[in-house]
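The values are calculated or read from the model by the stated rules, or taken from the named source; none is laboratory data. Predicted, not measured: the structure shown is a model, and the values here were computed from it. Cβ atoms come from the backbone with ideal geometry, glycine included; neighbour counts cover every protein chain shown. Each accessible area value is taken on the protein alone, full model and side chains, heavy atoms only, with ligands, DNA and RNA left out. Shrake-Rupley method; radii C 1.70, N 1.55, O 1.52, S 1.80 Å.
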Amino acid sequence: MKKVFSFFLILNSSFLICNSVRAQKEANQWYFSWLVSVDFNSGTPVATNNSAMNQYEGCSSIADKNTGAILIYSDGQNVYAGNHTLMPNGTGLTGDQSSAQSALIVPMPGNSTQYYVFTAGEFFSGGVAGYHYSIVDLTLNGGWGDVSATKNVLLYAPACEKLCAVKNAAGTGYWIATHEFTGNNFELFEVTAAGVSAPLIVPCGTVYTVDEPIGCMKFSPDGTRLATVLSGQNSAEVYDFDASTGMISNPLTITNVANNLYVYGISFSPNGSLLYAGEENTNTLSQFDLSSGNAATITASKVIVGTTSLSSAFQGMQLAPDGKLYLAHNGGFYLGVVNYPDSLGAPSNYVDTGFYLGGQTCGYGLPGFVENLFMENIAPVALFSAPNHICPGTCTNFINLSQNSTSYQWTFAGANPSTSTDINPTSICYNTPGNYSVQLIVTNAFNSDTLTLNNYITVYPSPPPQGITQNGDTLFANQGAVSYQWYHAGNSIPGATDYFYVATEGGDFNVVATDANGCEVEAAIFDVVASVQSLSGSGQFAIYPNPVLDKCTIRDSQFMMGVAVTITIYNMIGATVQFEIKKHPDSYLDEVSVDVHTLPSGIYWLEVSSGEKIFRTKFMKQ
């Protein structure tokens, strides 16, 4: 999908975010808890409640990938057909009512009519039931399906309640991830057209001893990570996963997940950048930012994004085809909903009573699926913003607003650097005036999206060059800028915001002029020599009237006896427009008059010098 917009559309960018649903509909029917069923085929969930299943915790369902019609659902002990009847051979499987991920239905690669039902036993028996699989054949039972003779095939025991699946890297099969009851061994099984492989045993992470086998485990939708709760330790663990080899590595332990023990539900966000965890005995839903790849930083990023008033708190959680994250409340009539699970913090928008179950009540569990389905169903959407009207030589930062994406390719015409793969590129610098386009290509494991904003970055013309000239003690910048700020020895001079400045001391000066676009240009002058000792004497200096029409009087009791008073008038660009000496050196005078009637109306500088003293002030000629 490719989009080209003019730059102004970014002002309403929030309206451009949408989710695109593909034809893959295997996760569009949810069957769980006590007779609860939800249909996502219309794009929004609808409570249908035609289920025949009563289940407390883990379960799974699968629909036809083309039509979205329900095919199979199971609580790990019983298997139900799409006509909501028990399959004739569909009882006696080895899952359990009290297993967090009791069942998981996976298509058989290369066979459109057969499905695997993997099952996990429960914790309190010591995990002795272990992990098993059975095969459902939809050609049996008059086309409604039945469990074949391949039933309750043991994978191993004792085992945990944790069970999840993701596609392999080639897309030709699936990895089934499980964990041993004690120790730190994961056991993975690759399901291909050849069948279920021998176990791949991978030691990694925390050693399970007491309560760790309880609770859920999930792959990220892109298949690059795996996460599991450590229920008895109030912790969770995130690992890297290689979908080519099945290897699990780089364990990151996230501590202090909830307020009490028994963390239960866990889920990645659709783009895999965030992790959500809930705890069955408290009322908070926690979100963690995984972007740092550092356990301490991830732990510190914890944000409480949701609370519940229900005594049942948070149990199972599951991504859905609509891009949202749904949470189970045991005994509740609603599912909690995280509406924007890729968003950090409060913008993720958790709603406690987000979806009404149509009068049915929820248990602990929501149906488990192959996690890639939620990346396949949700297309990435490229979107960004940035300060886009800038001055030459400015570096700008880009804010990535994309959805459902895992990688990013930026192209910045006219900038340095001209490309980036960062999520949020910083210090993208533009030196030459003009209009420049920006392109962002985002991808996930299955789709890509391109956004090109033509002429998005406007680099204003360079301001006119600036300079400083000196006339006496007055420093003049070039006129024409909107504002000025003068500096002495690198420090701003309060109130010095005219295009000229009268120096009261020597040294180095510079001025920053700002044009109508807000762009700045600077000039400097060094080694200024200022002879001014006082601008207003000791408070005795005065000029009146001011404004003046014809003649003004200058008074100062500190005029020096026997010293001539020299009066100079400058216009605002520093040119002398009037000059006179007003008294004989042998006479005494504390005031002098100046005739200014020939001057045009305007503002002038009046400079009065008497011996070593110089007085300078502005006046207005009417």
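Quick look at the numbers
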{"quantity": "Output for region 223-241, where each listed residue is open to solvent by 20 Å² or more (accessible area, probe 1.4 Å) and at pLDDT below 95", "calculated": "THR224, GLY232, GLN233, ASN234"}
{"quantity": "Looking only at region 274-314, and only at residues there that are touching an Asp or Glu at 6+ places or on another chain (Cβ under 7 Å) and part of a loop (DSSP other than H, G, I, E, B), the one that is modelled with the highest pLDDT", "calculated": "SER301"}
{"quantity": "Qualifying residue in region 182-191 (condition: open to solvent by 50 Å² or more (accessible area, probe 1.4 Å), among the β-branched types (Val, Ile, Thr) and farther than 23 Å from PHE369 by Cβ)", "calculated": "yes"}
{"quantity": "Strands (runs of 3 or more DSSP E) (entirely within region 45-114) containing at least 2 residues that are charged (D, E, K, R) and on the phi > 0 side of the Ramachandran plot", "calculated": "none"}
{"quantity": "Residues of region 202-221 that turn out to be open to solvent by 50 Å² or more (accessible area, probe 1.4 Å) and either more than 14 Å from SER249 (Cβ to Cβ) or assigned to a loop (DSSP other than H, G, I, E, B) (or both), as a count", "calculated": "3"}
{"quantity": "Unique match (being at pLDDT below 95 and on the phi < 0 side of the Ramachandran plot) among SER418, SER405", "calculated": "SER405"}
{"quantity": "Residue tally, condition over 30 Å from ILE423 (Cα atoms), assigned to a strand (DSSP E or B) and of a type outside the set (A, V, I, L, M), over region 438-474", "calculated": "4"}
{"quantity": "Tabulated pairs, region 511-527, first over 10 Å from PRO463 (Cα atoms), second acidic (Asp, Glu) and exposed (fewer than 15 other Cβ atoms within 10 Å of the Cβ), C-beta under 9 angstrom, 6+ apart or interchain", "calculated": "VAL511/GLU522; VAL512/GLU522; ALA524/ASP508; ILE525/ASP508; PHE526/ASP508; ASP527/ASP508"}
{"quantity": "Selection count, region 495-513, where residues are open to solvent by 60 Å² or more (accessible area, probe 1.4 Å) and at pLDDT below 90", "calculated": "3"}
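Results for (1) of a type outside the set (A, V, I, L, M, F, W, C); (2) more than 23 Å from SER61 (Cα to Cα); (3) open to solvent by less than 10 Å² (accessible area, probe 1.4 Å); (4) out of contact with any Leu (no Cβ under 7 Å at 6 or more places or on another chain), shown as yes or no for each residue.
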| site | (1), (2), (3), (4) |
| --- | --- |
| SER301 | yes, yes, no, yes |
| VAL305 | no, yes, no, no |
| LEU319 | no, no, yes, no |
| ASP322 | yes, no, no, yes |
| PHE333 | no, no, no, no |
| SER348 | yes, yes, yes, yes |
| THR353 | yes, yes, no, yes |
